[in-house]
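A quick write-up on the structure given underneath.
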Amino acid sequence: MRRFLAAAAIIAATFSLSGCDIFYPNWGQTTPPTDDPTVTPTESQSPSVEPTVTPTPTKKPQAKAVVRILQSSVDSNSGIINIIAEVADISEDGGTCTLKVTQGAVSRSFTAKAESNVTDTQCYPLNLAITGFASGPANFTVTYDSADYTGAASDQITIP
């Protein structure tokens, strides 16, 4: 009986120890790491470092905006050029409107912000002092610029 129990214990131990190999779920699927005898490092080999290329951010092209001049006048009592303008069919905040008045060699500009107004973008009133300008005609341009749109409109006023 002792022999039988000893033989049964040996058989049970053999099966339990070999069971890891038999019941392993990925048996035969992975290969053990090995040394590759074909690659031998030499001192002449150096690790290659690839330069990293940083992509340059590309600004998307701005769409054309239609700038409309609603009112242009010169108040001779206060010495101010008054321009009211809007950007048609675009309603956004964050853009700027710039008034540039040119008369001969004299050129001056003023920038104001613009804001959304239901279906259009309204420029804040563009007011520029007439100081430095002579009496007579002067050309002016209102330019709108935002992250997505750009546009301009030009006209002429008479400085008293």
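The values are calculated or read from the model by the stated rules, or taken from the named source; none is laboratory data. Computed from a prediction, not measured in an experiment: that's the story for all the values here. Using ideal geometry, Cβ is built from the backbone for each residue, glycine included, and neighbour counts are taken over all protein chains shown.
So, residue 87, is that one buried (at least 18 other Cβ atoms within 10 Å of the Cβ), out of contact with any Cys (no Cβ under 8 Å at 6 or more places or on another chain) and either in contact (Cβ under 8 Å) with a residue 12 or more places away in the chain or not small (Gly, Ala, Ser) (or both) or not? No: the conditions fail for residue 87. Can you name the residue in segment 129-144 that is over 13 Å from residue 85 (Cβ atoms) and part of a strand (DSSP E or B) and is also farthest from the chain's Cα centre (by Cα) among such residues? Looking at the filtered set, the residue picked out is 136.
Yes/no per residue for (1) surrounded by 14 or more Cβ atoms within 10 Å (Cβ to Cβ); (2) closer than 22 Å to residue 159 by Cα; (3) touching a strand residue (DSSP E or B) at 6+ places or on another chain (Cβ under 8 Å); (4) modelled with pLDDT of 65 or more:
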{"position": "18", "(1), (2), (3), (4)": "no, no, no, no"}
{"position": "22", "(1), (2), (3), (4)": "no, no, no, no"}
{"position": "37", "(1), (2), (3), (4)": "no, no, no, no"}
{"position": "49", "(1), (2), (3), (4)": "no, no, no, no"}
{"position": "63", "(1), (2), (3), (4)": "no, no, yes, yes"}
{"position": "100", "(1), (2), (3), (4)": "yes, yes, yes, yes"}
{"position": "107", "(1), (2), (3), (4)": "no, yes, yes, yes"}
{"position": "129", "(1), (2), (3), (4)": "no, yes, yes, yes"}
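Scanning segment 70-84 for residues that are in contact (Cβ under 8 Å) with a residue 40 or more places away in the chain and either in contact with a His (Cβ under 9 Å, 6 or more places away or on another chain) or of a type outside the set (A, V, I, L, M) (or both) yields 72, 73, 76, 79, 82.
Checked against the criterion of being under 25 Å from the mean Cα position of the chain (by Cα) and assigned to a loop (DSSP other than H, G, I, E, B), segment 148-157 contains one or more residues that satisfy it.
Of all residues in segment 109-127, none satisfies the criterion of being out of contact with any strand residue (DSSP E or B) (no Cβ under 9 Å at 6 or more places or on another chain) and in a strand (DSSP E or B).
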